[in-house]
1. If only one of K135, K163 is under 30 Å from Y195 (Cβ atoms) and either open to solvent by 60 Å² or more (accessible area, probe 1.4 Å) or part of a loop (DSSP other than H, G, I, E, B) (or both), which one is it?
2. With the structure loaded, tell me whether D64 is in a strand (DSSP E or B) and either in contact (Cβ under 8 Å) with a residue 40 or more places away in the chain or surrounded by 10 or more Cβ atoms within 10 Å (Cβ to Cβ) (or both) or whether it fails that test.
3. Here's a check for you: in region 140-160, which residue that is surrounded by 11 or more Cβ atoms within 10 Å (Cβ to Cβ) and hydrophobic (A, V, I, L, M, F, W, C) is farthest from F74 (Cα to Cα)?
4. Quick one: which of N323, N351 is assigned to a helix (DSSP H, G or I), of a type in the set (S, T, N, Q) and open to solvent by 30 Å² or more (accessible area, probe 1.4 Å)?
5. Residues being at pLDDT below 85 and in a loop (DSSP other than H, G, I, E, B): count how many of those fall in region 67-87.
6. Out of the residues in region 3-24 that are closer than 17 Å to V46 by Cβ, of a type outside the set (A, V, I, L, M, F, W, C) and over 32 Å from the mean Cα position of the chain (by Cα), which is surrounded by the most Cβ atoms within 10 Å (Cβ to Cβ)?
7. In the list K344, K287, which residue meets the criterion of being more than 30 Å from I248 (Cβ to Cβ) and without any contact (Cβ under 8 Å) to a residue 24 or more places away in the chain?
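The values are calculated or read from the model by the stated rules, or taken from the named source; none is laboratory data. The structure displayed is predicted, hence computed values, not measured ones. Neighbour counts run over all protein chains shown; Cβ positions are idealised from the backbone, glycine included. Ligands, DNA and RNA are stripped out before the accessible areas are found, and what is left, the full protein with its side chains, is counted by its heavy atoms. Shrake-Rupley method; radii C 1.70, N 1.55, O 1.52, S 1.80 Å.
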Amino acid sequence: KLVQRTLDLFLSYGLNHQVNGPTHIAGGTLDQIFCFSIKNQLECKVTVDQIDRLGSDHYPVYCDFSLAFEKKYFKDITYRKIKSMDKDKFSDELAAIVHSIDVNDVKTAGMGESVRVLGDICSELLDEHAPLVSKRVSVIDTSPWFDNEYRDYRKLRRKAEGKAHKLNATAEDKALYRDISTECSNLADLKKKEYFKSMINNSKGNPRTLWQTVNKSLDRKQSNPLPDYTEDLSKLASDFNTYFTDKIETIRNNMDEMPILESSSTHTENTQLWQTFEPVTMEELNKIIDDTGMKCSPSDILPLTLLKDNLPILLPLILQIVNVSLSQGSMEGVKLADIIPLLKNNSLDPNVLKNFRPVSNLTFLGKLIERVVLKRLDDHLSKNNLHCPEQSAYKKNFSTQKLYW
């Protein structure tokens with residue numbers, strides 16, 4: 001147990017144990033080799049020669065190291081120069097367009113048409129102020145603490161290094177290079193400490209975020225493998241789409257064949273029948289957004305930064321669309337999602353599609369309507385005492401921790 005705990009301690013610091021057999025004639029493993037490798041670039045193959053001891057009571061331990069360097073590759077990306085655009089002018093033009101829209105037109109147009117008009121307004125205005133730009137970039141890992149101050153120090157260090165390595169370099173040039181190198185290294189350590197300190201302080205009360213920070217600092221990156229039976233990404237996306245769609249259809253067909261169970265809830269004469277959704281108010285919508293926060297997907301009408309800045313302008317129009325959705329019982333135009341296939345377990349075969357589960361990145365407007373419906377449903381269940389007392393999850397103030405109290 002002590003040996004295993006010691007090995008686990010080394011492993012927690014990224015030191016992998018390489019010697020598995022005995023290295024002494026008495027049978028003990030006295031000669032140890034540990035290998036530390038970031039991103040598994042260093043491979044170590046250990047061989048213990050138990051035949052030729054070379055006159056010693058220890059067996060010779062031979063190591064064969066192989067270092068694999070990461071290949072630099074490029075990819076084509078499209079992006080918008082959001083930071084350099086005139087945001088005030090964008091907001092003014094957006095406000096003028098939104099204020100020109102008649103509320104009655106939204107009610108009569110229907111859910112799908114209203115969502116399409118809102119998307120077209122934002123898309124055309126965004127293309128005008130920040131058009132899509134294509135660029136070929138090299139794919140490298142960037143550190144979150146790598147800011148402009150440290151980048152400027154690196155530039156100074158490279159410049160000093162160039163002078164120090166010249167044939168006519170003076171002693172002052174070499175001394176300056178050493179001093180700047182030391183300052184640059186100290187600044188990098190300081191930036192790392194400040195970043196992880198702030199991340200840990202911000203993760204108080206959130207174990208999931210805290211463990212993500214710890215794993216990131218220890219370089220415990222979990223890969224997200226994809227099937228390798230084809231290099232055609234379009235075909236791979238089509239295969240995933242077909243599989244997930246067929247799976248949903250199968251589940252729906254099986255639900256039609258399931259027997260209808262009688263409800264165990266107790267209904268009284270005071271139980272009110274829920275027939276319609278009450279319209280949402282501006283104050284209620286603001287509170288829901290403040291409580292749940294804002295997250296966007298690539299399919300949203302605006303990027304997250306612009307959506308936050310212009311939310312007061314768009315909120316009256318969003319309010320009308322939400323109420324149209326509630327009155328018509330329609331989610332047309334907002335049930336769009338970017339599907340990310342995640343392997344259920346790293347030990348499973350990534351070439352078998354059933355080993356993946358789809359994670360949907362929904363649009364902001366779609367999630368907002370769902371949260372309004374959830375609030376209406378929860379209010380109705382609470383008012384009529386229809387909550388299931390055995391449910392201990394996915395309900396406010398009824399987490400699974402309640403089961404232990």
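1. The match here is K135.
2. In short, no.
3. Ranking the candidates gives A160 first.
4. Of the residues listed, the single one that is assigned to a helix (DSSP H, G or I), of a type in the set (S, T, N, Q) and open to solvent by 30 Å² or more (accessible area, probe 1.4 Å) is N323.
5. Count: 6.
6. If we filter region 3-24 for residues that are closer than 17 Å to V46 by Cβ, which is where we start, we get 7, 10-11, 15-24.
Imposing the further condition that a residue be of a type outside the set (A, V, I, L, M, F, W, C) reduces the set to 16-18, 20-24.
So of that shortlist, the ones also over 32 Å from the mean Cα position of the chain (by Cα) come out as 18, 20-24.
Details: Q18: 14, N20: 8, G21: 12, P22: 16, T23: 20, H24: 14.
Restricting to residues being closer than 17 Å to V46 by Cβ, of a type outside the set (A, V, I, L, M, F, W, C) and over 32 Å from the mean Cα position of the chain (by Cα), the top hit is T23.
7. K287
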